[in-house]
Amino acid sequence: MQKLILLTFFSFFILSCTEKEKTYEELEAEVLCDVLPEVLERELKFYSVRIPPPQILDSLKYNEKQLDSIRRQDSLSWDRYLKEFKVYYKSQLSKIRKYKKVQQKVLDTLLYVKKLSTDETVYLKNELDSRKVGLDEFNDSNISVNLVPYSNTFEGQDRNSGEQVLFFTRVLMDEKAENSFFSVFKFFGTYHVYCRKIKNNKWEIRKVIPDDGNTLRE
């Protein structure tokens, strides 16, 4: 009887220690959580090489007319604005990799995705329909995510605030969950993100390709 009890206890112990197989949706969330800081770094660097729009500065709520006025007034005012942006840029860049120090608005729906014809990776599925995401799916991300309903991205407070909202597609994944693909939609264009799993079971961006087909990063 005692042996039976010990055997039963041991069986329960083994089962509790066995890692539960993750759903496809959980694997998707892992990819997005891991690479979201890299996506935001890319977004920030994109603006840093151009004259930054006013909505990038949280502390400086300039509108377009105010910016035009600054340009017309004198070069000192414009130089001061650019210096303030550089301070903001360095501050944000340093915080992106820190846990929950940066906030980002994300559409609450992962959009339809289809494998690109030039992509030679063999995925579990070549296309996926859109689905809603929950805030809990981003709990493990270093970024503090604020989910935005689809309707609010084109009208209402979120759209009119001028703050950036990122649109992500579903994530295609290969059979071994070692390579993945998704796209990021922006009002100024779309780019495709290829990821790989590294030694610590975290995901990183392998390369980014815009719609024109030129590789941005290898």
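We did not get these values from a lab; they are worked out from the coordinates using the rules stated. Remember, predicted model here, so these are calculated numbers, not experimental data. All Cβ positions, even for glycine, are placed from backbone atoms using ideal geometry, and neighbour counts span all protein chains on display.
Could you give the length gained by full extension between residue 127 and residue 151, i.e. 0.36 nm per residue of separation minus their alpha carbon distance, to one decimal place?
6.2 nm
With the cut-off at 28 Å, tell me which of the pairs 20/197; 100/176; 101/125; 20/176 have Cα atoms farther apart than that.
Exceeds cut-off: 100/176; 101/125.
So if R0 is 45 Å, what FRET efficiency would residue 120 and residue 91 give, r being the distance between their Cβ atoms, rounded to the nearest 0.05?
Computed FRET efficiency for residue 120 and residue 91 comes out at 0.65.
Which percent, to the nearest 5, of DSSP beta bridges fully inside region 82-212 are antiparallel?
75
If the label point is 7 Å along Cα→Cβ of residue 200, which residues in region 90-120 have backbone nitrogen under 19 Å from it?
The answer is 94-102, whose backbone nitrogens lie closer than 19 Å to the label point.
At a Förster distance of 22 Å, what's the computed FRET efficiency of residue 186 paired with residue 76, Cβ-Cβ distance as r, to 0.05?
It comes out at approximately 0.10.
So, R0 is 35 Å and r is the distance between the beta-carbons of residue 48 and residue 23; what FRET efficiency does that work out to, to 0.05?
My answer for the efficiency is 0.40.
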